[in-house]
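Undergrad: Structure in structure tokens, see below.
The values are calculated or read from the model by the stated rules, or taken from the named source; none is laboratory data. Note that the structure is a prediction, hence the values are computed from the model and not measured. In this analysis, Cβ positions are derived from the backbone assuming ideal geometry, glycine residues included, and neighbour counts consider all displayed protein chains.
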Amino acid sequence: MTADKPDMEALRRGGKILREGGLVAFPTETVYGLGGNALDPEASRKIYRAKGRPSDNPLIVHIADRKDLDEIAAFVPEKAQILAEKFWPGPLTMIFPKTGRVPLETTGGLDSVAVRFPSDRIAQLLIREGGGFIAAPSANTSGRPSPTRSEHVEEDLGDAVDMIIDGGPVGIGLESTIVDFTETIPVVLRPGYISLEMLRETLGEVRMDRGLLITDSSVRPKAPGMKYRHYAPKADLLIVEGEPEDVISAINGYAQKAQAEGETVGIIATDETFGKYPYGVVRSIGSRAHEETIARHLYDVLREFDKYQVKAIYSEAFYTPRIGQAIMNRLLKAAGHRIIQVTEH
Ligand code: AMP
Ligand code: MG
């Protein structure tokens, strides 16, 4: 179905499954979500089981009406209300102290709750049909790239969900920006389409979680989910950084050497550089001139390489102006932070 022509009969069926404690995967503007009733501890347990997700990694509760926030958040500071006014519905998740209505099973044992009001119309209709409070992590097997099409959900969770709602490919392709409001100064726990600069323009002082900036294990990220290796394709992924021409020639060197040894590498290029790689399995992730296309295709490209017998995957880096921080956060996690720095010799 499409947002313009939602299939209400299917959405009502999905809503009934949710109200009876079942699981329904559905599209949102960020990635596909695996939905269950957030107020039902048993439904939350089912979500963790289906994804193979560690039980200390809390779920985001999705709402489809701003007034519902007060049912699950014990305190919503002024600054959070300003963000809600500006960015909801949309790809923004905010964390508040929780009320007693939210079971600890949903919050991974924490006394705070993460809440998002998605803008996707299909998501909104399903959330309403399902009772208004839907816990929905990304609908992938834990550790795999997040799903941006219903086929990805089918691949990972086909047997574990009661229904998959196909709304076509998603628009944004990266998970929501998470802002923590349980501290005096708001803290970004996960970068996303809504950038740190946009938040600072609206609120003034906003901090970035130290665990996101320091990549060794000395500082733990505050969002429990951010500490896990994530989004990883099956082959080793390496990010090659440097001047564009140096990156291309370095990657071509690796690809040519692999070919001489009877092996193949994968290459993640852009529309601008695609034609410059004569060896290996080359995929364009999107255009540097339209950075949102890079975000939209990232997970699809990572998944696609699982279909090829590649020895390793080499990717260009994508520090694009606005969402580059979010794109590189995911790509670095997928690569286990393996970066090759190349310089002219
Ligand atoms: P996903 O559901 O896959 O989009 O991941 C949700 C992310 O939100 C994970 O990184 C969680 O750790 C984070 N998260 C959810 N609830 C909380 C919370 N109460 N406090 C901190 N982080 C949270
Ligand atoms: Mg996820």
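Undergrad: In segment 286-334, which residues are of a type in the set (A, V, I, L, M, F, W, C) and over 28 Å from Arg200 (Cβ atoms)?
TA: The first filter runs over segment 286-334 and keeps only residues of a type in the set (A, V, I, L, M, F, W, C), leaving 289, 294-295, 298, 301-302, 305, 310, 312-313, 317-318, 323, 326-328, 331-332, 334.
Passing the criteria: Val301, Leu302, Phe305, Val310, Ala312, Ile313.
Undergrad: Please go through segment 134-149 and pick out each residue that is surrounded by fewer than 24 Cβ atoms within 10 Å (Cβ to Cβ) and either without any contact (Cβ under 8 Å) to a residue 60 or more places away in the chain or more than 12 Å from ligand 1 (Cβ to nearest atom) (or both).
TA: The one that is surrounded by fewer than 24 Cβ atoms within 10 Å (Cβ to Cβ) and either without any contact (Cβ under 8 Å) to a residue 60 or more places away in the chain or more than 12 Å from ligand 1 (Cβ to nearest atom) (or both): Arg149.
Undergrad: Continuing with the same structure: With respect to Glu316, determine if the residue is over 24 Å from Thr148 (Cβ atoms) and either charged (D, E, K, R) or crowded, with 22+ Cβ neighbours inside 10 Å (or both).
TA: Details: over 24 Å from Thr148 (Cβ atoms): no; either charged (D, E, K, R) or crowded, with 22+ Cβ neighbours inside 10 Å (or both): yes.
When the stated conditions are applied, Glu316 does not pass them.
Undergrad: Let me ask something additional. Considering every residue within segment 85-99, establish whether at least one is aliphatic (A, V, I, L, M), surrounded by fewer than 23 Cβ atoms within 10 Å (Cβ to Cβ) and away from ligand 2 (no atom under 16 Å from the Cβ). Can you show your working first?
TA: Going residue by residue through segment 85-99, those that are aliphatic (A, V, I, L, M) are 92, 94-95.
Right, trim to surrounded by fewer than 23 Cβ atoms within 10 Å (Cβ to Cβ) and you get none.
No.
Undergrad: Can you tell me which condition Gly262 does not meet? The list is (1) touching a Pro at 6+ places or on another chain (Cβ under 8 Å); (2) more than 30 Å from Val113 (Cβ to Cβ); (3) assigned to a loop (DSSP other than H, G, I, E, B), and all the others hold.
TA: Among (1) touching a Pro at 6+ places or on another chain (Cβ under 8 Å); (2) more than 30 Å from Val113 (Cβ to Cβ); (3) assigned to a loop (DSSP other than H, G, I, E, B), Gly262 violates only (1).
Undergrad: Please go through segment 236-271 and give me each residue that is more than 15 Å from Asp300 (Cα to Cα) and among the aliphatic types (A, V, I, L, M), ordered by number. Write out each step before concluding.
TA: Here is the first cut: in segment 236-271, the residues more than 15 Å from Asp300 (Cα to Cα) are 236, 238-265, 271.
Correct list: Leu238, Ile239, Val240, Val247, Ile248, Ala250, Ile251, Ala255, Ala258, Ala260, Val265.
Undergrad: Consider Pro321 carefully, then state whether it is under 18 Å from the mean Cα position of the chain (by Cα) and not small (Gly, Ala, Ser).
TA: Values: under 18 Å from the mean Cα position of the chain (by Cα): no; not small (Gly, Ala, Ser): yes.
So Pro321 fails the test.
Undergrad: Let me ask you something else. Quick check on segment 122-129. Is at least one of its residues part of a loop (DSSP other than H, G, I, E, B) and either more than 17 Å from the chain's Cα centre (by Cα) or not hydroxyl-bearing (Ser, Thr, Tyr) (or both)?
TA: Of all residues in segment 122-129, those part of a loop (DSSP other than H, G, I, E, B) come to none.
Within segment 122-129 (the criterion being part of a loop (DSSP other than H, G, I, E, B) and either more than 17 Å from the chain's Cα centre (by Cα) or not hydroxyl-bearing (Ser, Thr, Tyr) (or both)), the answer is no, since none of the residues qualifies.
Undergrad: Of the conditions (1) buried (at least 21 other Cβ atoms within 10 Å of the Cβ); (2) closer than 23 Å to Ala326 by Cα; (3) more than 16 Å from ligand 2 (Cβ to nearest atom), Gly14 clears all except one; give me its number.
TA: It is condition (2) that Gly14 fails.
Undergrad: Can you tell me how many residues within segment 137-170 are away from ligand 2 (no atom under 16 Å from the Cβ) and modelled with pLDDT of 95 or more?
TA: Step one: filter segment 137-170 for residues away from ligand 2 (no atom under 16 Å from the Cβ), giving 150-151, 154, 158-159, 162-169.
Still in the running and modelled with pLDDT of 95 or more: 150-151, 154, 162-169.
Total meeting the criteria: 11.
Undergrad: Can you tell me which residue is nearest to Ile127 (Cα to Cα) among those in segment 26-48 that are aliphatic (A, V, I, L, M) and more than 13 Å from ligand 2 (Cβ to nearest atom)?
TA: First, pick out the residues of segment 26-48 that are aliphatic (A, V, I, L, M): 31, 34, 38-39, 43, 47.
In the following step, the residues that additionally are more than 13 Å from ligand 2 (Cβ to nearest atom) were identified as 38-39, 43.
Working: Ala38: 11, Leu39: 13, Ala43: 15 Å.
Among them, the one singled out is Ala38.
Undergrad: Can you find, within segment 135-172, the residue that is farthest from Leu189 (Cα to Cα) among those that are aliphatic (A, V, I, L, M) and not in a loop (DSSP other than H, G, I, E, B)?
TA: Our first condition is that a residue be aliphatic (A, V, I, L, M); within segment 135-172, this holds for 135-136, 139, 153, 157, 160-161, 163-165, 170, 172.
With not in a loop (DSSP other than H, G, I, E, B) added as a condition, the list becomes 135, 153, 157, 163-164.
Working: Ala135: 18, Val153: 25, Leu157: 27, Met163: 31, Ile164: 29 Å.
Taking the candidates together, the pick is Met163.
Undergrad: Only one of (1) small (Gly, Ala, Ser); (2) away from ligand 2 (no atom under 16 Å from the Cβ); (3) under 22 Å from Leu199 (Cβ atoms) is not met by Gly109, so which one is it?
TA: Here Gly109 clears every test but (3).
Undergrad: Something else about it: Can you go through Arg116, Arg49, Arg13, Arg66 and tell me which one is of a type in the set (D, E, K, R) and touching a strand residue (DSSP E or B) at 6+ places or on another chain (Cβ under 6 Å)?
TA: Arg116
Undergrad: Further question on the same structure: Tell me the residue from Ile294, Ile239 that is assigned to a helix (DSSP H, G or I), β-branched (Val, Ile, Thr), under 23 Å from Thr177 (Cβ atoms) and touching a Ser or Thr at 6+ places or on another chain (Cβ under 8 Å), please. Spell out the reasoning first.
TA: Details: Ile239 fails: assigned to a helix (DSSP H, G or I).
Result of the check over Ile294, Ile239: Ile294.
Undergrad: In the set Asp166, Asp209, Asp159, which member is of a type in the set (D, E, K, R) and in contact (Cβ under 8 Å) with a residue 40 or more places away in the chain? Quick ask: steps written out before the conclusion?
TA: Numbers: Asp209 fails: in contact (Cβ under 8 Å) with a residue 40 or more places away in the chain; Asp159 fails: in contact (Cβ under 8 Å) with a residue 40 or more places away in the chain.
Residue meeting the stated conditions: Asp166.
One line per residue, one yes/no per condition, for (1) under 24 Å from Val170 (Cα atoms); (2) modelled with pLDDT under 95; (3) surrounded by fewer than 17 Cβ atoms within 10 Å (Cβ to Cβ):
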| residue | (1), (2), (3) |
| --- | --- |
| Leu199 | yes, no, no |
| Leu212 | no, yes, no |
| Pro221 | no, yes, no |
| Met226 | yes, yes, no |
| Ser249 | no, no, yes |
| Val281 | no, no, no |
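Undergrad: Right, here's the next one. Looking at Glu175, Glu183, can you tell me which residue is within 16 Å of ligand 2 (Cβ to nearest atom), of a type in the set (D, E, K, R), assigned to a loop (DSSP other than H, G, I, E, B) and touching a strand residue (DSSP E or B) at 6+ places or on another chain (Cβ under 9 Å)? Walk me through it before giving the result.
TA: Working: Glu183 fails: within 16 Å of ligand 2 (Cβ to nearest atom).
Only one candidate passes the filter, namely Glu175.
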